[in-house]
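Trainee: Please read through the structure below; I'll follow up with questions.
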Amino acid sequence: GENVEQHPSTLSVQEGDSAVIKCTYSDSASNYFPWYKQELGKGPQLIIDIRSNVGEKKDQRIAVTLNKTAKHFSLHITETQPEDSAVYFCAAIGGSSNTGKLIFGQGTTLQVKP
Amino acid sequence: NAGVTQTPKFQVLKTGQSMTLQCAQDMNHNSMYWYRQDPGMGLRLIYYSASEGTTDKGEVPNGYNVSRLNKREFSLRLESAAPSQTSVYFCASSEIDDNEQFFGPGTRLTVL
């Protein structure tokens, strides 16, 4: 089955700096890769997603890149702000053994220092 | 729209007790999911329902049962709670199974 590894587990940056979180997946048939943000005491919320027919997607300060050959995808946050502090999860779906099973990475705790 | 709602928000059980976690969505979604979240392990799928009337096991189904009561509601039952089931439980829904999933606020369960 699919396996998703996420790094780093914690990340601390200064306000205004960029942050990058990386994930690798094991099933080359996976075709949908969402990123979720979870604030303290809340459920995860989708912030950006990418499908396997696209290499990069951007939404304001957030971008995601996908390298299908290497089976990894990354989240890039530019000009970080204190409100970006949260736990971020990558996920993958659509593998060869999949029918709707979203597999999550372990999460990255991002701290943005003012 | 309330989105995805879960009850209760908090629950403490003794080992061996049973309980049902309730989940409802008002977005007319076909697919619904139950996850558990443990420190350092992300979210792991317990059970999901691709459509009304169907359910299937996820990564960690042992010790749980589910019921897709109708299109809106998907409940998770612990028949005999164990301390290893102490976790935060999230329900989610999506229009179809490879689209954005919308999560509820979670239920924090402690089993003593």
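Values in this text are rule-based calculations from the coordinates and carry no lab data. Bear in mind that the values here come from a model prediction, so they are computed numbers and not experimental data. Every residue, glycine among them, receives a Cβ derived from its backbone with ideal geometry; neighbour counts consider all protein chains shown.
Trainee: Could you work out how much longer the chain between A:Ser26 and A:Asn3 gets when fully extended? Use 0.36 nm per residue separation minus the Cα distance between them, nm to one decimal.
Mentor: 7.7 nm
Trainee: If you don't mind, another one. Could you check which residue among B:Phe90, B:Phe74, B:Phe102 shows the biggest mean-square fluctuation in a GNM of chain B with a 10 Å Cα cutoff?
Mentor: In this elastic network of chain B, the residue with the biggest mean-square fluctuation among B:Phe90, B:Phe74, B:Phe102 is B:Phe102.
Trainee: What is segment A:32-85's relative contact order, in percent, from Cα pairs under 8 angstrom and six or more apart in sequence?
Mentor: That works out to 23 percent.
Trainee: Only bridges whose two residues both fall in the protein assembly as shown count here: according to DSSP, what percent of them are antiparallel, nearest 5?
Mentor: Values: 69 of 78 bridges.
Around 90 percent of the beta bridges assigned by DSSP in the protein assembly as shown are antiparallel ones.
Trainee: While we're looking at this one, here's another question. Show which aspartates and glutamates lie in cross-link reach of A:Lys68 when reach means a straight Cα distance below 19 angstrom and same-chain residues fewer than eight apart are skipped.
Mentor: Straight-line reach from A:Lys68, under 19 Å: A:Glu2, A:Glu5, A:Asp27, A:Asp49, A:Glu56, B:Asp98.
Trainee: Rg (Å, one decimal) plus Dmax (Å, integer) for the alpha carbons of the protein assembly as shown?
Mentor: Here Rg and the maximum Cα pair distance are 17.5, 51 Å.
Trainee: Using Cα pairs under 8 angstrom and six or more residues apart, how large is the relative contact order of chain B, in percent?
Mentor: Details: 296 pairs, mean separation 40.0, N = 112.
It rounds to 36 percent for chain B.
Trainee: Set the Förster distance to 30 Å, then compute FRET efficiency between A:Ala70 and A:Leu40 from the Cβ-Cβ distance, nearest 0.05.
Mentor: 0.35
Trainee: Just want to confirm a number: the relative contact order over chain A, from Cα pairs under 8 angstrom separated by 6+ residues, in percent.
Mentor: That works out to 37 percent.
Trainee: Divide the volume of the convex hull of the Cα atoms of chain B by its number of residues and quote the answer in cubic angstrom per residue.
Mentor: Hull volume over Cα atoms, normalised by residue count, gives 90 Å³.
Trainee: Could you tell me how far the Cα centroid of segment A:42-114 sits from the Cα centroid of segment B:77-112, in Å?
Mentor: 21 Å
Trainee: Take the Cα coordinates of segment A:1-101, assign each an equal point scatterer, and use the Debye formula without solvent to give log10 I(q)/I(0) at q = 0.11, 0.16, 0.19 Å⁻¹.
Mentor: -0.32, -0.67, -0.93
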